[in-house]
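Q: Got a structure for you, questions after.
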Amino acid sequence: MYTTELDKSRPVDLQTGEPKDLVDAFEARVAADEFIEPKDWMPEAYRKTLIRQISQHAHSEIIGMYPEGNWITRAPSLQRKAILLAKVQDEGGHGLYLYCAAETLGASRDEMVDALHSGKAKYSTIFNYPTLTWADIGAIGWLVDGAAIMNQVPLQRTSYGPYARAMVRVCKEESFHQRQGYSIMLALAEGTDAQRRMAQDALNRWWWPSLMMFGPPDDASPNTERSMRWRIKRETNDELRQKFVDATVPQAELLGLSIPDPDLTWNETRGAYDFGDIDWSEFYAVVKGEGMCAKERITARKKAWDDGAWVREAADAYEAKKQARNVA
Amino acid sequence: MRQDPIMQSALRLGDDALILGQRLSEWCGHAPTIEVDLSLANLGLDLIGQAMHFLGLAGDIEGQGRDADTLAFFRTDLDFTNCLLVEQPNGDFAQTMTRQWLYSTYQQLLFEAMAGVEDARFAEVADKALKEVRYHAELSADWVIRLGDGTDVSHQKMVDALGWLWRFVPELFQMDELDSLAVEAGVGVDKAALRPAYDAAINAVFEEAKLTRPDDQRTLTGGRHGHHSEHLGHLLATMQHIPRSHPDARW
Ligand SMILES: [Fe+2]
Ligand SMILES: [Fe+2]
């Protein structure tokens, strides 16, 4: 839409063909930590990268409803049931805020949903792991929401205004999720032998996948530099991962649970924990759709959508009739 | 064993809310749109909250040390006193919304009357829950209208849903000896007296939804006395199995 008005003498960015003055002004605003708003000019690559990042985030919130939703009907107390139902509902709400943020960039909700259902769009691989016991609900809140907070808090200052504002709302709720997860773990850790066993087992299974949530190591993450410059990423994967480990290890100690990593040690000189190597082959396998529940998650989502088609059609038909009546 | 009508009244109210809340929570992640998913979760949350109040109250009145969780997770089918309507499976969205509408419309009238009973423990909970219940009744009536007057497919699904669920409506208004004692004790409401107002509310929605009120059917009852459909046993098995596997645990 901009290229048509291009004046032939106007200098362009050699890689993208976009007007150089606009690109420079954009880069300067972003570097000055100003918010970019939907009607502002932005490079096409920025728009595309953001759509991909935000819609992937939205899909993760929606698919993330399943592993926890698996335990709502079986939650062991009424209080826990209510909190879990509210939490999963929050995640759906996060998905909606994020779809709206992506829509401001020109992506349509239908396109995004189609991309998820067809497997073209990705979501966080963590949700392809199964929730085997009630303790998994504690571990997810504590670790997975905990890792999500680490990832999302910096995004409250991301350069794209609608995304940053969505993140402010999301982060408020995520910290509540993290606390409720920890509270489940605490009750289990202080509980019977069977409960402690459940808690330790859940930590064993969720620890490494949680570390993988920060994405590949920095040296294998080619777009990091550009994303950092555009302020759509504000800290690197490895920095965030380290922060998470440093925050979480003392919490595990408080629970009396052990982190399943024999190489984990406090490094006095770094003032941080050293930890063992992550099995990236597992990460890439799960990304490719080889996780235990990869198929179930997407099948459940598609089924909900397909089974609901007649409801959406009925609602549309009713709305149309109502409008027609109002006109008449 | 003679049952305390005050405790039993609280139990019936709590069981209705609990079972319907549990049913609604089964929808989570499976609704026709994310927006609907969130609204079904809202309804479920309200009902689970009501269940916690009423079952807690039932336990307090009984005074045997049973709390809301003990009553929810450690009673068997024969002890559950919910009406048969709320335990009916979710089925499709038309069935879920029909069930909700038939129940919430009743619950709204019940709570409006109960907000005026002498016993503050009942009157206050009813009064507090009224705002929620009115919203449930309105939301489900809106869906009944939308589906009834939507497409041919949605209309037919509504007809099918009503065709089954209508037979559970009379149980809602049945008064047994325990209910009469509860009225005398200042905790209960004459439910039979709510029927005309219920019919008026229901008929208005039928008309707007372009649905025909079903003919009266052979009524199925028994829920208030612990005789349920086969569905309840499965619902309880799912809901109760973790606490029952760990009877000494706290969560
Ligand atoms: Fe979330
Ligand atoms: Fe969360």
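The values are calculated or read from the model by the stated rules, or taken from the named source; none is laboratory data. Because the structure is a prediction, the values reported are computed rather than measured. Using ideal geometry, Cβ is built from the backbone for each residue, glycine included, and neighbour counts are taken over all protein chains shown.
Q: Search segment B:26-56 for residues being more than 22 Å from A:ARG312 (Cβ to Cβ) and buried (at least 24 other Cβ atoms within 10 Å of the Cβ), and hand back the single one that is nearest to the other protein chains (Cβ to nearest Cβ).
A: Here the residue is B:ILE48.
Q: Is there a residue being among the hydrophobic types (A, V, I, L, M, F, W, C), away from ligand 1 (no atom under 16 Å from the Cβ), surrounded by fewer than 17 Cβ atoms within 10 Å (Cβ to Cβ) and part of a helix (DSSP H, G or I) anywhere in segment A:42-51?
A: yes
Q: Name the one entry in B:LYS157, B:LYS210, B:LYS191 that is loosely packed, with under 15 Cβ neighbours inside 10 Å and of a type outside the set (S, T, N, Q).
A: B:LYS210
Q: So, in segment A:236-270, of the ones that are within 18 Å of the chain's Cα centre (by Cα) and of a type in the set (Asp, Glu), which residue ends up surrounded by the most Cβ atoms within 10 Å (Cβ to Cβ)?
A: Among them, the one singled out is A:ASP238.
Q: Taking the criterion of being surrounded by fewer than 16 Cβ atoms within 10 Å (Cβ to Cβ) and away from ligand 1 (no atom under 16 Å from the Cβ), would at least one residue in segment A:90-106 satisfy it?
A: yes
Q: Just the residues that are polar (S, T, N, Q), closer than 30 Å to A:ARG80 by Cα and touching a residue at least 24 places away in the same chain (Cβ under 8 Å), please, taken from segment B:209-251.
A: If the condition is that a residue be polar (S, T, N, Q), closer than 30 Å to A:ARG80 by Cα and touching a residue at least 24 places away in the same chain (Cβ under 8 Å), then B:SER229, B:GLN240 are the ones that fit.
Q: Go through segment A:62-176 and tell me which helices (runs of 4 or more DSSP H), entirely inside it, have 3 or more residues that are more than 11 Å from ligand 2 (Cβ to nearest atom) and closer than 26 Å to A:PHE26 by Cβ.
A: Working: elements: A:65-69, A:78-103, A:109-118, A:135-139, A:145-152.
Passing ranges, in order: A:78-103.
Q: Report, by residue number, each residue of segment B:59-71 that is in contact with an Asp or Glu (Cβ under 9 Å, 6 or more places away or on another chain) and surrounded by 16 or more Cβ atoms within 10 Å (Cβ to Cβ).
A: Hits for segment B:59-71 are B:GLY59, B:ILE61, B:GLU62, B:LEU71.
Q: Pull out all pairs, ordered by first then second residue, where Cβ-Cβ is under 7 Å, the residues are six or more apart or on different chains, the first lies in segment B:121-134 and is without any contact (Cβ under 8 Å) to a residue 24 or more places away in the chain, and the second is among the small types (Gly, Ala, Ser) and surrounded by fewer than 17 Cβ atoms within 10 Å (Cβ to Cβ).
A: B:ALA123/B:GLY116
Q: Tell me, which residue of segment A:162-173 that is in contact (Cβ under 8 Å) with a residue 60 or more places away in the chain, within 11 Å of ligand 1 (Cβ to nearest atom) and surrounded by 19 or more Cβ atoms within 10 Å (Cβ to Cβ) is nearest to A:GLY146 (Cα to Cα)?
A: A:VAL170
Q: Considering (1) on the phi < 0 side of the Ramachandran plot; (2) modelled with pLDDT of 95 or more, say which one B:GLN217 fails and leave the rest.
A: Status for B:GLN217: all satisfied but (2).
Q: Okay, moving on. If I ask for residues that are within 16 Å of ligand 2 (Cβ to nearest atom), surrounded by fewer than 17 Cβ atoms within 10 Å (Cβ to Cβ) and among the hydroxyl-bearing types (Ser, Thr, Tyr), which ones from segment A:177-197 would you list?
A: Answer for segment A:177-197, where residues must be within 16 Å of ligand 2 (Cβ to nearest atom), surrounded by fewer than 17 Cβ atoms within 10 Å (Cβ to Cβ) and among the hydroxyl-bearing types (Ser, Thr, Tyr): just A:SER183.
Q: Taking the residues in segment A:122-161 that are within 14 Å of chain B (Cβ to nearest Cβ), closer than 21 Å to A:GLU290 by Cβ and hydrophobic (A, V, I, L, M, F, W, C) as candidates, determine which candidate is farthest from ligand 1 (Cβ to nearest atom).
A: The qualifying residue farthest from ligand 1 (Cβ to nearest atom) is A:LEU132.
Q: Now a separate question. From the residues in segment B:48-76 that are closer than 22 Å to B:VAL169 by Cβ and touching a residue at least 60 places away in the same chain (Cβ under 8 Å), which one is nearest to the chain's Cα centre (by Cα)?
A: Here the answer is B:GLN50.
Q: Looking at segment A:263-284, which of its residues are without any contact (Cβ under 8 Å) to a residue 12 or more places away in the chain and of a type outside the set (D, E, K, R)?
A: If the condition is that a residue be without any contact (Cβ under 8 Å) to a residue 12 or more places away in the chain and of a type outside the set (D, E, K, R), then A:THR265, A:TRP266, A:ASN267, A:THR269, A:GLY271, A:SER281, A:TYR284 are the ones that fit.
Q: Collect the residues in segment A:72-113 that are of a type in the set (Val, Ile, Thr) and either more than 10 Å from chain B (Cβ to nearest Cβ) or touching a Ser or Thr at 6+ places or on another chain (Cβ under 6 Å) (or both), keeping them in residue-number order.
A: A:ILE72, A:THR73, A:THR104
Q: Filter segment B:194-230 for residues that are of a type in the set (Asp, Glu) and out of contact with any helix residue (DSSP H, G or I) (no Cβ under 7 Å at 6 or more places or on another chain) and give the result.
A: B:ASP199, B:GLU207, B:ASP215, B:ASP216, B:GLU230
Q: Let me ask you something else. Go through segment A:21-41 and report how many residues are aromatic (Phe, Trp, Tyr) and either in contact (Cβ under 8 Å) with a residue 60 or more places away in the chain or part of a helix (DSSP H, G or I) (or both).
A: If we filter segment A:21-41 for residues that are aromatic (Phe, Trp, Tyr), which is where we start, we get A:26, A:35, A:41.
So of that shortlist, the ones also either in contact (Cβ under 8 Å) with a residue 60 or more places away in the chain or part of a helix (DSSP H, G or I) (or both) come out as A:26, A:35.
Result for segment A:21-41: 2.
Q: Only helices (runs of 4 or more DSSP H) wholly contained in segment A:271-328 count here; list those with 2 or more residues that are within 24 Å of the chain's Cα centre (by Cα) and within 13 Å of chain B (Cβ to nearest Cβ).
A: A:294-307
Q: So in segment A:199-208, with the set limited to residues that are surrounded by fewer than 23 Cβ atoms within 10 Å (Cβ to Cβ) and not acidic (Asp, Glu), which one is farthest from the chain's Cα centre (by Cα)?
A: Ranking the candidates gives A:GLN200 first.
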